[in-house]
Amino acid sequence: MATQKMLKFVTIGREMPEKRDAASRSEDFHEIYREFAAAKATEQASRCSQCGVPYCQSHCPLHNNIPDWLRLTAEGRTQEAYLRSQETNTFPEICGRICPQDRLCEGNCVIEQSGHGTVTIGAIEKYITDTAWEMGWVQPAAPASERMESIGIIGAGPGGLAAADRLRRMGFQVTVYDRHDRAGGLLIYGIPGFKLEKDVVERRTQQLRDGGVEFVLDCNVGEDISFDAIRGKHDAVLIATGVYKTRDLDIDNAEAKGVVRALDYLTASNRVDLGDEIPDYEDGELNAKGKRVVVIGGGDTAMDCVRTAIRQGAQSVKCLYRRDRANMPGSQREVQNAEEEGVEFVWLSAPGAFAGHVTGEAMQAQERDVDGLPAIASVRIQKMRLGAPDVSGRQSPELIEGADYDEPAELVIKALGFEPEELPRLWGVEGLNVTRWGTIKADYQTHQTSLPGVFAVGDIVRGASLVVWAIRDGREAADSIADFLTGAARVAAE
Ligand SMILES: Cc1cc2nc3c(=O)[nH]c(=O)nc-3n(C[C@H](O)[C@H](O)[C@H](O)COP(=O)(O)OP(=O)(O)OC[C@H]3O[C@@H](n4cnc5c(N)ncnc54)[C@H](O)[C@@H]3O)c2cc1C
Ligand code: SF4
């Protein structure tokens, strides 16, 4: 009986929520997909085949009970669907918007494999929780009883916030420290509004505040307060600082005026979107308006940069990637969105050098920046072909000799990925073990580091990863911290 409303994939086709047309969405930073109307969400949820062994669920890092909340949605029981969905996911409306579903839940949907087009799981997850917010079903933590133990969380990104929410609901005293002036980590200053509108993040931060989580912002641990001081203040500490050291290029003029780092560029744009005044944006340094823009990289960060440049009114936007379309790390959905918005992808291409307007003695003062660096005028592009597969099985790009050419550009954005900062050195902490890549060593299940009572989650453990993995880590670490603290309390009481 329960499946009566289900298995409609044979008669009902796959539909995503309406996507705003490329011309109008390129004018602003609002999300590009509209919300499902209730009837459409019900209809699309009813396409689920209610598999006995749901591959979507096993490929969702949070093991969301997807078939359950799809069925409840199909039956019009949206509040129950929300309750089911938030049992396993702290921020379902955020994952619904920005998970690469094609690689996770939807990529493993059985009806997709039988040629019917996957259930639009992400869009329905977003619909359920956005409806819950509208209806007032999303409530801040209200623990049945308060506990004395306190936890200091360093980093207010999705990993830290997911842990904060869960610990606070258990009644622990939670303080979150972040070096930025707003909480959210990459959700607020990395990912642009056209993928995740800022008020969606800010209402979650407010919900945590309303539930009693304390935020200490503008507080750079290691500078404004020492790690040891935080350890001294709290009974347990969670490190959730993400990865922020930018990979760079070893080529001529890599620091020229007009060559900028992706995160500086995106942070400025996100701040402007939030209403802040940003001098580097106003004076044009971090603003693509009217410029020929070249973005280097093929991951999610590069996709966010090219699409931001379009919205800022760039004259042209080209994305250089040294492999081909099939081998790029960024989501194919985002590539398609970028192409619709006017981005040109230059596959099998890598930068060889950046050339300035005028070099040497003849350089005009106005063409230098304050440090006397030349202003970028063009990128020397080297053409590549894919060679033999390396040990990972991936084909390595090889240079095609003599195929170089110059591409004019006034703004070049380097989106080459991120590495961990050297936390033990920066924080002067002995005994905090790291891997050879610099990520913090933590137990996979408990998230405990080599220091007693110190746990770590998210990108600083995994390397640059995904929001959904940070949420999973944060939730798991909260449970381990609770075990650690209540275990410790038991020992102390004996
Ligand atoms: C441009 C961009 C786009 C992305 N798009 C997607 C996407 O579409 N989908 C997806 O799933 N993932 C995406 N990601 C990846 C995703 O954002 C990260 O995997 C995720 O945010 C990691 O969460 P986290 O909590 O570990 O760290 P973060 O989100 O990086 O948060 C870490 C926080 O710690 C703070 N911090 C760091 N050091 C200190 C210190 N010393 N003292 C105090 N505070 C400190 C930082 O200010 C920050 O707020 C994207 C990443 C980038 C850069
Ligand atoms: S959290 Fe991500 S992977 Fe899991 S169901 Fe939601 S969109 Fe899919």
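The values are calculated or read from the model by the stated rules, or taken from the named source; none is laboratory data. These figures come from a predicted structure and were not determined experimentally. Methodologically, a virtual Cβ is constructed for each residue, glycine included, from the backbone with ideal geometry; neighbour enumeration extends over all protein chains shown. What goes into the accessible areas is simple: the full protein's heavy atoms, side chains included, and nothing from ligands, DNA or RNA. Shrake-Rupley method; radii C 1.70, N 1.55, O 1.52, S 1.80 Å.
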Close pairs (8 angstrom Cβ cut-off, 6 or more residues apart or separate chains): within 10 Å of G222 (Cβ to Cβ) in the stretch 414-427, more than 8 Å from ligand 1 (Cβ to nearest atom) and of a type in the set (V, I, T) anywhere = L423/I239; L423/V429; L423/V434; L423/I440
When you scan the stretch 376-427, how many residues do you find that are on the phi > 0 side of the Ramachandran plot and either open to solvent by less than 40 Å² (accessible area, probe 1.4 Å) or at pLDDT 95 or above (or both)?
-> 1
Options E93, E125: the member that is in contact with a Cys (Cβ under 9 Å, 6 or more places away or on another chain), among the acidic types (D, E) and within 16 Å of ligand 1 (Cβ to nearest atom) | E125
If you check every pair at least six apart or on different chains, which have Cβ atoms under 9 Å apart with a residue in the stretch 134-148 that is polar (S, T, N, Q) first and a residue that is open to solvent by less than 90 Å² (accessible area, probe 1.4 Å) second?
-> Q139/Q207; Q139/G211; S145/G171
Working only within the stretch 229-266, note down all residues that are out of contact with any strand residue (DSSP E or B) (no Cβ under 7 Å at 6 or more places or on another chain) and either open to solvent by less than 30 Å² (accessible area, probe 1.4 Å) or aliphatic (A, V, I, L, M) (or both).
-> A229, G242, L266
Counting just the residues of the stretch 457-472 that are within 16 Å of ligand 2 (Cβ to nearest atom) and in a loop (DSSP other than H, G, I, E, B), which one comes out farthest from the chain's Cα centre (by Cα)?
-> G458
Applying the selection to the stretch 108-122, what residues are touching a residue at least 40 places away in the same chain (Cβ under 8 Å) and within 9 Å of ligand 2 (Cβ to nearest atom)?
-> I121
What are the residues in the stretch 21-42 that are buried (at least 17 other Cβ atoms within 10 Å of the Cβ) and free of Cβ contacts under 8 Å to residues at least 60 places away in the same chain, if any?
-> K40, T42
For D483, are the conditions met, namely being in the same structural domain as I230 (by TED's automatic domain parsing) and closer than 28 Å to G96 by Cα?
-> no
Would a scan of the stretch 65-75 turn up a residue that is among the charged types (D, E, K, R), within 16 Å of ligand 2 (Cβ to nearest atom) and not assigned by TED's automatic domain parsing to the domain that holds V335?
-> yes
Can you find even one residue in the stretch 465-477 that is open to solvent by 10 Å² or more (accessible area, probe 1.4 Å) and free of Cβ contacts under 8 Å to residues at least 24 places away in the same chain?
-> yes
Check whether at least one residue in the stretch 101-108 is within 16 Å of ligand 1 (Cβ to nearest atom), open to solvent by less than 30 Å² (accessible area, probe 1.4 Å), touching a Gly at 6+ places or on another chain (Cβ under 6 Å) and under 27 Å from G160 (Cβ atoms), and report yes or no.
-> yes
